[in-house]
Amino acid sequence: MNYTDFFTGELDRLRDDGNYRVFADLQRKRGSFPQALNRDGDQKRDVTIWCSNDYLGMGQHENVLGAMHEAIDTVGAGAGGTRNISGTTHQHVVLEQELADLHGKEAALLFTSGYVSNWAALGTLAARIPDCLVLSDALNHASMIEGIRHSRAECQRFRHNDVEHLEELLKAQPLDRPKLIAFESVYSMDGDIGPIEEICDLADKYNAMTYLDEVHAVGLYGPRGGGIAEERGLMDRLTVIEGTLGKAFGVMGGYIAASTALCDFIRSFASGFIFTTALPPAVAAGAAASVRHLKDSSFERAQHKQRVAQVRARLDAVGIPHTDNDSHIIPVMVGDPVKCKYLSDILLKDHGIYIQPINYPTVPKGTERLRITPSPVHSQADIDNLVGALELLWSQCELARIPMAAQ
Ligand code: PMP
(Lines give C-alpha, C1' and ligand atoms only; values in the text may rest on other atoms or scores of the structure.)
Protein backbone atom coordinates (compact mmCIF):
# COMPACT_ATOMS: atom_id res chain seq x y z
CA MET A 1 0.00 0.00 0.00
CA ASN A 2 1.14 3.55 -0.70
CA TYR A 3 0.32 5.09 2.66
CA THR A 4 0.44 8.71 1.49
CA ASP A 5 -1.95 7.97 -1.40
CA PHE A 6 -4.27 6.31 1.05
CA PHE A 7 -4.25 9.31 3.43
CA THR A 8 -4.75 11.90 0.69
CA GLY A 9 -7.47 9.78 -0.96
CA GLU A 10 -9.43 9.62 2.27
CA LEU A 11 -9.01 13.37 2.80
CA ASP A 12 -10.14 14.09 -0.77
CA ARG A 13 -13.26 12.07 -0.10
CA LEU A 14 -13.98 14.18 2.97
CA ARG A 15 -13.48 17.35 0.91
CA ASP A 16 -15.84 16.11 -1.82
CA ASP A 17 -18.51 15.48 0.82
CA GLY A 18 -18.03 18.97 2.28
CA ASN A 19 -16.89 17.40 5.57
CA TYR A 20 -13.20 18.32 5.59
CA ARG A 21 -12.47 20.28 8.75
CA VAL A 22 -10.62 23.57 8.51
CA PHE A 23 -9.63 25.30 11.73
CA ALA A 24 -9.37 29.04 12.18
CA ASP A 25 -6.00 30.21 13.51
CA LEU A 26 -7.26 32.43 16.33
CA GLN A 27 -5.34 34.58 18.69
CA ARG A 28 -7.42 35.31 21.76
CA LYS A 29 -6.79 38.61 23.45
CA ARG A 30 -6.79 39.05 27.18
CA GLY A 31 -9.97 40.74 28.35
CA SER A 32 -11.52 41.14 24.91
CA PHE A 33 -13.54 37.93 24.47
CA PRO A 34 -15.59 37.33 22.28
CA GLN A 35 -13.28 39.32 20.00
CA ALA A 36 -10.13 37.57 18.75
CA LEU A 37 -7.57 38.01 16.00
CA ASN A 38 -7.90 35.63 13.07
CA ARG A 39 -4.38 34.95 11.82
CA ASP A 40 -5.35 32.87 8.78
CA GLY A 41 -3.69 33.92 5.53
CA ASP A 42 -2.07 37.29 4.92
CA GLN A 43 -4.91 39.46 6.14
CA LYS A 44 -5.12 39.24 9.88
CA ARG A 45 -8.37 40.66 11.17
CA ASP A 46 -10.48 40.91 14.29
CA VAL A 47 -13.38 38.51 14.44
CA THR A 48 -16.24 37.94 16.85
CA ILE A 49 -16.47 34.37 18.06
CA TRP A 50 -20.01 32.99 18.18
CA CYS A 51 -19.25 29.31 18.62
CA SER A 52 -17.10 29.13 21.73
CA ASN A 53 -17.79 26.80 24.61
CA ASP A 54 -16.24 29.34 26.96
CA TYR A 55 -19.91 29.97 27.55
CA LEU A 56 -19.56 32.60 30.26
CA GLY A 57 -16.27 34.16 29.22
CA MET A 58 -14.61 32.77 32.37
CA GLY A 59 -11.46 32.06 30.35
CA GLN A 60 -10.78 35.81 30.65
CA HIS A 61 -12.08 36.38 34.17
CA GLU A 62 -9.69 38.28 36.41
CA ASN A 63 -10.12 35.83 39.33
CA VAL A 64 -9.19 32.92 37.07
CA LEU A 65 -6.21 34.67 35.50
CA GLY A 66 -5.05 35.91 38.90
CA ALA A 67 -5.17 32.41 40.39
CA MET A 68 -3.25 30.98 37.44
CA HIS A 69 -0.57 33.67 37.60
CA GLU A 70 -0.19 33.22 41.32
CA ALA A 71 0.12 29.45 40.99
CA ILE A 72 2.78 29.72 38.27
CA ASP A 73 4.69 32.26 40.35
CA THR A 74 4.58 30.12 43.45
CA VAL A 75 4.72 26.49 42.25
CA GLY A 76 5.94 26.63 38.64
CA ALA A 77 4.66 25.10 35.42
CA GLY A 78 4.03 21.37 35.24
CA ALA A 79 2.77 18.87 37.82
CA GLY A 80 5.93 16.82 37.36
CA GLY A 81 4.32 13.44 37.21
CA THR A 82 1.24 11.30 37.11
CA ARG A 83 -1.14 11.70 40.02
CA ASN A 84 0.31 8.53 41.49
CA ILE A 85 3.97 9.45 41.13
CA SER A 86 4.50 12.95 42.59
CA GLY A 87 1.91 14.74 40.38
CA THR A 88 -0.77 15.26 43.03
CA THR A 89 -0.27 18.85 44.09
CA HIS A 90 -2.20 20.85 46.64
CA GLN A 91 -4.02 22.62 43.77
CA HIS A 92 -5.41 19.27 42.57
CA VAL A 93 -6.55 18.33 46.06
CA VAL A 94 -8.30 21.67 46.60
CA LEU A 95 -10.02 21.53 43.21
CA GLU A 96 -11.34 18.03 43.87
CA GLN A 97 -12.80 19.26 47.17
CA GLU A 98 -14.46 22.21 45.38
CA LEU A 99 -15.98 19.87 42.81
CA ALA A 100 -17.27 17.36 45.35
CA ASP A 101 -18.88 20.26 47.20
CA LEU A 102 -20.33 21.71 43.98
CA HIS A 103 -22.23 18.50 43.30
CA GLY A 104 -23.03 17.57 46.89
CA LYS A 105 -20.99 14.36 46.58
CA GLU A 106 -18.50 12.78 48.96
CA ALA A 107 -15.64 12.96 46.49
CA ALA A 108 -14.47 14.05 43.05
CA LEU A 109 -11.70 12.90 40.76
CA LEU A 110 -9.89 15.02 38.19
CA PHE A 111 -8.85 13.96 34.68
CA THR A 112 -6.97 15.82 31.98
CA SER A 113 -10.17 16.51 30.01
CA GLY A 114 -13.87 15.80 29.95
CA TYR A 115 -13.22 13.35 27.14
CA VAL A 116 -10.75 11.39 29.24
CA SER A 117 -13.03 11.44 32.28
CA ASN A 118 -15.86 9.82 30.30
CA TRP A 119 -13.61 7.39 28.51
CA ALA A 120 -11.78 6.34 31.66
CA ALA A 121 -14.56 6.38 34.24
CA LEU A 122 -17.34 4.84 32.16
CA GLY A 123 -14.95 2.39 30.55
CA THR A 124 -13.57 1.27 33.92
CA LEU A 125 -16.97 0.86 35.56
CA ALA A 126 -18.33 -1.10 32.60
CA ALA A 127 -15.23 -3.29 32.29
CA ARG A 128 -14.67 -4.01 35.99
CA ILE A 129 -18.20 -4.59 37.27
CA PRO A 130 -18.90 -8.25 36.44
CA ASP A 131 -21.53 -8.77 33.73
CA CYS A 132 -22.33 -5.04 33.65
CA LEU A 133 -24.90 -3.97 31.06
CA VAL A 134 -24.55 -0.40 29.84
CA LEU A 135 -27.68 1.41 28.67
CA SER A 136 -26.56 4.35 26.60
CA ASP A 137 -28.61 7.21 25.14
CA ALA A 138 -28.41 7.11 21.34
CA LEU A 139 -26.99 10.65 21.19
CA ASN A 140 -24.29 10.25 23.83
CA HIS A 141 -20.98 11.98 23.19
CA ALA A 142 -18.15 10.14 21.43
CA SER A 143 -16.12 10.02 24.67
CA MET A 144 -18.80 7.95 26.37
CA ILE A 145 -19.27 5.69 23.35
CA GLU A 146 -15.53 5.07 23.08
CA GLY A 147 -15.26 4.32 26.81
CA ILE A 148 -18.09 1.83 26.66
CA ARG A 149 -16.70 0.22 23.51
CA HIS A 150 -13.28 -0.06 25.06
CA SER A 151 -14.75 -1.82 28.11
CA ARG A 152 -16.16 -4.63 25.92
CA ALA A 153 -19.17 -4.73 28.21
CA GLU A 154 -22.55 -5.40 26.64
CA CYS A 155 -24.16 -2.12 25.59
CA GLN A 156 -27.74 -1.46 24.56
CA ARG A 157 -28.65 1.92 23.10
CA PHE A 158 -31.97 3.47 23.99
CA ARG A 159 -33.66 5.95 21.68
CA HIS A 160 -32.66 9.50 22.52
CA ASN A 161 -34.43 10.72 25.69
CA ASP A 162 -36.97 7.89 25.33
CA VAL A 163 -37.70 6.64 28.86
CA GLU A 164 -40.25 4.10 27.62
CA HIS A 165 -37.65 2.48 25.44
CA LEU A 166 -35.17 2.55 28.31
CA GLU A 167 -37.71 0.86 30.58
CA GLU A 168 -38.37 -1.85 27.98
CA LEU A 169 -34.65 -2.65 27.92
CA LEU A 170 -34.33 -2.58 31.73
CA LYS A 171 -37.40 -4.74 32.21
CA ALA A 172 -35.94 -7.48 30.03
CA GLN A 173 -32.98 -7.92 32.40
CA PRO A 174 -32.74 -9.80 35.69
CA LEU A 175 -33.17 -7.32 38.56
CA ASP A 176 -29.86 -8.32 40.10
CA ARG A 177 -27.78 -7.90 36.92
CA PRO A 178 -25.49 -4.85 37.30
CA LYS A 179 -26.62 -2.02 35.02
CA LEU A 180 -25.29 1.41 34.25
CA ILE A 181 -27.40 4.07 32.52
CA ALA A 182 -25.25 6.64 30.70
CA PHE A 183 -26.79 9.88 29.48
CA GLU A 184 -26.36 13.65 29.30
CA SER A 185 -28.18 16.65 30.69
CA VAL A 186 -27.74 19.27 27.93
CA TYR A 187 -27.04 17.57 24.60
CA SER A 188 -24.42 19.61 22.86
CA MET A 189 -25.62 19.71 19.28
CA ASP A 190 -29.41 20.09 19.72
CA GLY A 191 -29.32 21.74 23.13
CA ASP A 192 -32.19 19.59 24.39
CA ILE A 193 -32.21 18.34 27.97
CA GLY A 194 -32.42 14.74 29.18
CA PRO A 195 -35.28 13.49 31.41
CA ILE A 196 -33.04 13.15 34.46
CA GLU A 197 -35.72 12.58 37.07
CA GLU A 198 -37.53 9.88 35.06
CA ILE A 199 -34.25 8.11 34.40
CA CYS A 200 -33.38 8.21 38.13
CA ASP A 201 -36.84 6.74 38.88
CA LEU A 202 -36.16 3.89 36.46
CA ALA A 203 -32.70 3.36 37.90
CA ASP A 204 -34.22 2.97 41.38
CA LYS A 205 -36.93 0.63 40.10
CA TYR A 206 -34.53 -1.61 38.16
CA ASN A 207 -31.52 -1.43 40.44
CA ALA A 208 -29.25 0.46 38.03
CA MET A 209 -26.47 3.02 38.49
CA THR A 210 -26.72 6.38 36.73
CA TYR A 211 -23.90 8.24 34.96
CA LEU A 212 -24.79 11.80 33.91
CA ASP A 213 -22.60 13.91 31.63
CA GLU A 214 -23.18 17.55 32.62
CA VAL A 215 -20.38 18.92 30.46
CA HIS A 216 -22.63 21.51 28.77
CA ALA A 217 -24.41 22.45 31.99
CA VAL A 218 -21.88 22.83 34.81
CA GLY A 219 -21.29 26.45 35.73
CA LEU A 220 -24.38 27.44 33.75
CA TYR A 221 -27.38 25.98 35.56
CA GLY A 222 -28.38 25.64 39.18
CA PRO A 223 -28.03 28.26 41.93
CA ARG A 224 -24.32 27.43 42.39
CA GLY A 225 -23.54 26.26 38.85
CA GLY A 226 -23.89 22.57 39.73
CA GLY A 227 -25.74 21.89 36.46
CA ILE A 228 -29.22 20.77 35.52
CA ALA A 229 -29.23 18.14 38.28
CA GLU A 230 -28.67 20.91 40.82
CA GLU A 231 -31.33 23.12 39.23
CA ARG A 232 -33.83 20.25 39.48
CA GLY A 233 -32.77 19.10 42.96
CA LEU A 234 -31.56 15.71 41.69
CA MET A 235 -27.84 15.63 42.44
CA ASP A 236 -28.17 13.13 45.28
CA ARG A 237 -30.08 10.71 43.05
CA LEU A 238 -27.25 10.30 40.54
CA THR A 239 -24.47 7.78 41.04
CA VAL A 240 -21.91 9.73 38.98
CA ILE A 241 -21.97 13.32 37.74
CA GLU A 242 -19.32 14.04 35.13
CA GLY A 243 -18.25 17.51 34.04
CA THR A 244 -15.62 19.58 32.32
CA LEU A 245 -13.55 22.54 33.42
CA GLY A 246 -12.97 23.54 29.80
CA LYS A 247 -16.34 25.03 28.86
CA ALA A 248 -18.34 27.28 31.24
CA PHE A 249 -15.46 27.22 33.73
CA GLY A 250 -13.18 28.50 30.96
CA VAL A 251 -10.02 26.49 31.69
CA MET A 252 -9.35 22.79 31.06
CA GLY A 253 -9.78 19.38 32.65
CA GLY A 254 -12.56 16.92 33.36
CA TYR A 255 -13.92 15.23 36.46
CA ILE A 256 -16.37 12.90 38.04
CA ALA A 257 -18.15 13.52 41.34
CA ALA A 258 -19.52 10.51 43.21
CA SER A 259 -19.18 8.49 46.42
CA THR A 260 -15.80 8.10 48.05
CA ALA A 261 -15.78 4.38 47.26
CA LEU A 262 -16.58 4.91 43.56
CA CYS A 263 -13.98 7.65 43.09
CA ASP A 264 -11.40 5.55 44.89
CA PHE A 265 -12.29 2.61 42.63
CA ILE A 266 -11.78 4.69 39.47
CA ARG A 267 -8.59 6.23 40.91
CA SER A 268 -7.26 2.74 41.53
CA PHE A 269 -8.26 0.97 38.31
CA ALA A 270 -8.68 3.51 35.46
CA SER A 271 -5.64 3.55 33.18
CA GLY A 272 -6.75 6.93 31.77
CA PHE A 273 -6.36 8.34 35.27
CA ILE A 274 -3.29 6.45 36.43
CA PHE A 275 -0.90 6.50 33.50
CA THR A 276 -0.92 10.14 32.43
CA THR A 277 0.70 13.33 33.70
CA ALA A 278 -1.54 15.36 36.00
CA LEU A 279 -2.88 18.74 34.88
CA PRO A 280 -0.52 21.65 35.58
CA PRO A 281 -1.21 23.03 39.08
CA ALA A 282 -1.90 26.48 37.61
CA VAL A 283 -4.70 24.98 35.50
CA ALA A 284 -6.17 23.37 38.60
CA ALA A 285 -5.85 26.67 40.49
CA GLY A 286 -7.56 28.61 37.67
CA ALA A 287 -10.36 26.06 37.48
CA ALA A 288 -10.88 26.16 41.24
CA ALA A 289 -11.10 29.97 41.12
CA SER A 290 -13.68 29.71 38.36
CA VAL A 291 -15.77 27.09 40.17
CA ARG A 292 -15.61 29.14 43.38
CA HIS A 293 -16.60 32.35 41.61
CA LEU A 294 -19.58 30.75 39.87
CA LYS A 295 -20.77 29.14 43.11
CA ASP A 296 -21.09 32.60 44.62
CA SER A 297 -22.09 34.72 41.64
CA SER A 298 -25.24 34.29 39.57
CA PHE A 299 -24.55 37.46 37.60
CA GLU A 300 -22.89 35.68 34.66
CA ARG A 301 -25.64 33.06 34.48
CA ALA A 302 -28.41 35.70 34.50
CA GLN A 303 -26.66 37.80 31.87
CA HIS A 304 -26.06 34.72 29.74
CA LYS A 305 -29.73 33.74 29.84
CA GLN A 306 -30.71 37.22 28.75
CA ARG A 307 -28.31 37.22 25.78
CA VAL A 308 -29.51 33.79 24.63
CA ALA A 309 -33.13 34.98 24.73
CA GLN A 310 -32.21 38.13 22.80
CA VAL A 311 -30.43 36.21 20.04
CA ARG A 312 -33.33 33.76 19.72
CA ALA A 313 -35.89 36.58 19.51
CA ARG A 314 -33.85 38.42 16.88
CA LEU A 315 -33.46 35.28 14.76
CA ASP A 316 -37.20 34.64 15.03
CA ALA A 317 -37.93 38.19 13.92
CA VAL A 318 -36.13 37.62 10.61
CA GLY A 319 -37.27 34.01 10.16
CA ILE A 320 -33.90 32.26 10.53
CA PRO A 321 -34.77 28.68 11.49
CA HIS A 322 -33.31 27.34 14.71
CA THR A 323 -34.11 24.35 16.87
CA ASP A 324 -36.08 25.20 19.97
CA ASN A 325 -34.80 23.95 23.29
CA ASP A 326 -34.58 24.95 26.95
CA SER A 327 -30.83 25.50 26.98
CA HIS A 328 -28.31 28.09 25.86
CA ILE A 329 -27.37 26.35 22.59
CA ILE A 330 -28.88 27.79 19.41
CA PRO A 331 -28.58 25.39 16.47
CA VAL A 332 -29.32 27.29 13.25
CA MET A 333 -30.29 24.59 10.80
CA VAL A 334 -28.82 24.63 7.28
CA GLY A 335 -29.30 20.99 6.25
CA ASP A 336 -26.54 20.85 3.67
CA PRO A 337 -22.80 20.38 4.32
CA VAL A 338 -21.56 22.47 1.40
CA LYS A 339 -23.90 25.40 2.14
CA CYS A 340 -23.08 25.15 5.82
CA LYS A 341 -19.35 25.41 5.12
CA TYR A 342 -19.96 28.22 2.62
CA LEU A 343 -22.00 30.22 5.12
CA SER A 344 -19.32 29.80 7.72
CA ASP A 345 -16.60 30.88 5.26
CA ILE A 346 -18.46 34.00 4.13
CA LEU A 347 -19.42 34.97 7.67
CA LEU A 348 -15.74 34.90 8.56
CA LYS A 349 -14.40 36.48 5.40
CA ASP A 350 -16.95 39.22 4.78
CA HIS A 351 -18.47 39.87 8.21
CA GLY A 352 -15.76 39.06 10.75
CA ILE A 353 -18.02 36.50 12.41
CA TYR A 354 -16.61 33.13 13.35
CA ILE A 355 -19.03 30.19 13.58
CA GLN A 356 -17.53 26.79 12.81
CA PRO A 357 -19.82 24.69 10.57
CA ILE A 358 -21.10 21.52 12.24
CA ASN A 359 -21.23 18.76 9.70
CA TYR A 360 -21.35 14.94 9.59
CA PRO A 361 -20.16 12.88 11.51
CA THR A 362 -20.63 15.29 14.44
CA VAL A 363 -24.33 15.52 13.46
CA PRO A 364 -26.39 13.24 11.17
CA LYS A 365 -26.30 13.99 7.42
CA GLY A 366 -29.02 16.44 6.42
CA THR A 367 -28.92 18.24 9.80
CA GLU A 368 -25.79 20.32 9.18
CA ARG A 369 -25.92 23.49 11.21
CA LEU A 370 -24.33 26.59 12.60
CA ARG A 371 -24.22 26.11 16.35
CA ILE A 372 -24.45 29.53 17.95
CA THR A 373 -23.43 30.01 21.57
CA PRO A 374 -24.07 33.50 22.92
CA SER A 375 -22.13 34.61 25.99
CA PRO A 376 -22.78 37.30 28.59
CA VAL A 377 -20.05 39.40 26.99
CA HIS A 378 -21.52 39.58 23.48
CA SER A 379 -22.72 43.17 23.01
CA GLN A 380 -25.87 44.49 21.35
CA ALA A 381 -23.70 45.53 18.41
CA ASP A 382 -22.35 41.96 18.15
CA ILE A 383 -25.92 40.64 18.04
CA ASP A 384 -26.91 43.22 15.41
CA ASN A 385 -23.97 42.20 13.23
CA LEU A 386 -24.69 38.50 13.59
CA VAL A 387 -28.39 38.70 12.78
CA GLY A 388 -27.84 41.19 9.93
CA ALA A 389 -25.20 38.97 8.32
CA LEU A 390 -27.30 35.82 8.65
CA GLU A 391 -30.32 37.58 7.18
CA LEU A 392 -28.30 38.72 4.18
CA LEU A 393 -26.72 35.30 3.60
CA TRP A 394 -30.01 33.49 4.01
CA SER A 395 -31.37 35.51 1.08
CA GLN A 396 -28.20 35.13 -1.00
CA CYS A 397 -28.18 31.35 -0.54
CA GLU A 398 -31.95 31.09 -1.05
CA LEU A 399 -32.35 29.22 2.21
CA ALA A 400 -35.85 28.76 3.61
CA ARG A 401 -37.09 31.16 6.26
CA ILE A 402 -39.82 30.56 8.77
CA PRO A 403 -42.59 33.16 8.54
CA MET A 404 -43.40 34.88 11.86
CA ALA A 405 -46.93 33.44 11.86
CA ALA A 406 -45.59 29.86 11.83
CA GLN A 407 -43.31 30.36 14.81
N1 PMP B 1 -19.03 15.28 26.90
C2 PMP B 1 -19.69 16.04 26.01
C3 PMP B 1 -21.18 15.90 25.94
C4 PMP B 1 -19.00 16.93 25.17
O5 PMP B 1 -19.66 17.66 24.27
C6 PMP B 1 -17.61 17.04 25.29
C7 PMP B 1 -16.76 17.98 24.44
N8 PMP B 1 -17.30 18.66 23.47
C9 PMP B 1 -16.97 16.23 26.23
C10 PMP B 1 -17.69 15.38 27.02
C11 PMP B 1 -15.48 16.31 26.39
O12 PMP B 1 -15.13 17.38 27.22
P13 PMP B 1 -13.71 18.09 27.06
O14 PMP B 1 -13.84 19.08 25.95
O15 PMP B 1 -13.43 18.69 28.38
O16 PMP B 1 -12.73 17.01 26.71
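The values are calculated or read from the model by the stated rules, or taken from the named source; none is laboratory data. Keep in mind that what you see is a predicted model, and the values were worked out from it rather than measured. Because the Cβ atoms are built from the backbone with ideal geometry, glycine has one as well, and the counts that use them run over all protein chains shown. In case anyone asks, the SASA skips ligands and DNA or RNA and just uses the protein heavy atoms, side chains included. Shrake-Rupley method; radii C 1.70, N 1.55, O 1.52, S 1.80 Å.
Condition first: among the hydrophobic types (A, V, I, L, M, F, W, C) and within 16 Å of the ligand (Cβ to nearest atom). Now tell me which residues in the range 232-242 satisfy that.
L238, V240, I241 - these are the residues of the range 232-242 that are among the hydrophobic types (A, V, I, L, M, F, W, C) and within 16 Å of the ligand (Cβ to nearest atom).
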Check: What about I383, is it closer than 21 Å to R21 by Cα, of a type in the set (V, I, T) and open to solvent by less than 10 Å² (accessible area, probe 1.4 Å)?
Finding: no
Checklist line | Residue in the range 294-316 that is touching a residue at least 12 places away in the same chain (Cβ under 8 Å), over 21 Å from the mean Cα position of the chain (by Cα), more than 20 Å from I228 (Cα to Cα) and crowded, with 20+ Cβ neighbours inside 10 Å present | finding: yes
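Any residue at all in the range 276-293 that's more than 23 Å from N63 (Cα to Cα), modelled with pLDDT of 95 or more and part of a helix (DSSP H, G or I)? Reasoning before the result, please.
In the first step, residues of the range 276-293 are kept if they are more than 23 Å from N63 (Cα to Cα); the result is 276-277.
Those left that are additionally modelled with pLDDT of 95 or more: 276-277.
Narrowing further to those that are part of a helix (DSSP H, G or I): none.
The answer is no, given that none of the residues of the range 276-293 is more than 23 Å from N63 (Cα to Cα), modelled with pLDDT of 95 or more and part of a helix (DSSP H, G or I).
For the range 171-216, how many residues are in a loop (DSSP other than H, G, I, E, B) and touching a residue at least 40 places away in the same chain (Cβ under 8 Å)? Walk me through how you get there before you give the answer.
Initially, the range 171-216 is screened for residues in a loop (DSSP other than H, G, I, E, B), giving 172-178, 185, 187-192, 194-195, 206-208, 214-216.
In the following step, the residues that additionally are touching a residue at least 40 places away in the same chain (Cβ under 8 Å) were identified as 173, 177-178, 185, 187-192, 194, 208, 215-216.
Going through the range 171-216 one residue at a time, the tally reaches 14.
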Margin query: What's the number of the only condition in (1) open to solvent by less than 30 Å² (accessible area, probe 1.4 Å); (2) within 16 Å of the ligand (Cβ to nearest atom); (3) not hydrophobic (A, V, I, L, M, F, W, C) that E146 fails to meet?
Written below: (1)
Note to self: Any residue that is more than 12 Å from the ligand (Cβ to nearest atom) and open to solvent by less than 20 Å² (accessible area, probe 1.4 Å) - is there at least one of those in the range 209-218?
What the structure shows: yes
Check: Which of the residues belonging to the range 151-178 are more than 15 Å from L202 (Cα to Cα) and polar (S, T, N, Q)?
Finding: S151, Q156
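Please go through the range 294-330 and pick out each residue that is in a loop (DSSP other than H, G, I, E, B) and of a type outside the set (D, E, K, R).
The answer is S297, S298, V318, G319, I320, P321, T323, N325, S327, H328, I329.
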Next item on the list: Could you please find all residues in the range 69-90 being at negative phi and assigned to a helix (DSSP H, G or I)?
Entry: H69, E70, A71, I72, D73, T74, V75, R83, N84, I85, G87, H90
Check: Counting only residues that are touching a Gly at 6+ places or on another chain (Cβ under 9 Å) and part of a loop (DSSP other than H, G, I, E, B), how many does the range 26-46 have?
Finding: 2
Notebook entry, point to check: Of the residues T89, T112, which is within 18 Å of S290 (Cβ to Cβ), within 13 Å of the ligand (Cβ to nearest atom) and either among the hydrophobic types (A, V, I, L, M, F, W, C) or modelled with pLDDT of 95 or more (or both)?
Noted result: T112
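Out of E197, E167, I need the residue that is touching a helix residue (DSSP H, G or I) at 6+ places or on another chain (Cβ under 7 Å), surrounded by fewer than 22 Cβ atoms within 10 Å (Cβ to Cβ) and more than 28 Å from H61 (Cβ to Cβ). Which one? Full working, then the answer.
On the way: E197 fails: touching a helix residue (DSSP H, G or I) at 6+ places or on another chain (Cβ under 7 Å).
Answer to the check: E167.
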Checklist line | Inter-residue pairs, beta-carbon under 6 Å, first assigned by the TED database to the domain that holds W119 and in the range 136-154, second open to solvent by 10 Å² or more (accessible area, probe 1.4 Å) and in a strand (DSSP E or B), 6+ apart | finding: S136/C155; S136/R157; A138/R157; I148/C155
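Please verify whether the range 158-178 includes one or more residues that are under 22 Å from G219 (Cα atoms) and within 16 Å of the ligand (Cβ to nearest atom).
Applying the first criterion (under 22 Å from G219 (Cα atoms)) to the range 158-178 yields none.
Taking every residue of the range 158-178 in turn, none turns out to be under 22 Å from G219 (Cα atoms) and within 16 Å of the ligand (Cβ to nearest atom).
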Item checked: Conditions (1) open to solvent by less than 60 Å² (accessible area, probe 1.4 Å); (2) away from the ligand (no atom under 12 Å from the Cβ); number of the one not met by E154 -> (1)
Checklist line | Subset of the range 222-234 (residues that are open to solvent by 10 Å² or more (accessible area, probe 1.4 Å) and more than 19 Å from the chain's Cα centre (by Cα)) | finding: P223, R232, G233
Checklist line | Residues of the range 104-115 satisfying the condition of being part of a helix (DSSP H, G or I) and surrounded by fewer than 21 Cβ atoms within 10 Å (Cβ to Cβ) | finding: Y115
Notebook entry, point to check: Could you give every pair whose Cβ atoms fall below 7 Å, whose first residue belongs to the range 365-393 and is farther than 12 Å from C340 by Cα, and whose second residue is of a type in the set (D, E) and outside any loop (DSSP other than H, G, I, E, B), counting only separations of at least 6 or pairs across chains?
Noted result: P376/E300
Notebook entry, point to check: Restricted to the range 322-375, and to residues that are open to solvent by 50 Å² or more (accessible area, probe 1.4 Å) and of a type in the set (D, E), which residue is farthest from G57 (Cα to Cα)?
Noted result: D336
Item checked: Qualifying positions in the range 243-276 - more than 16 Å from the ligand (Cβ to nearest atom) and open to solvent by 10 Å² or more (accessible area, probe 1.4 Å) -> S259, T260, A261, L262, D264, F265, R267, S268, F269, S271, I274, F275
Margin query: Residues that are closer than 28 Å to P223 by Cα and not in a helix (DSSP H, G or I): does the range 123-138 have at least one?
Written below: yes
Note to self: Can you pull out every residue in the range 47-68 that is hydrophobic (A, V, I, L, M, F, W, C), surrounded by 20 or more Cβ atoms within 10 Å (Cβ to Cβ) and assigned to a helix (DSSP H, G or I)?
What the structure shows: M58, V64, A67, M68
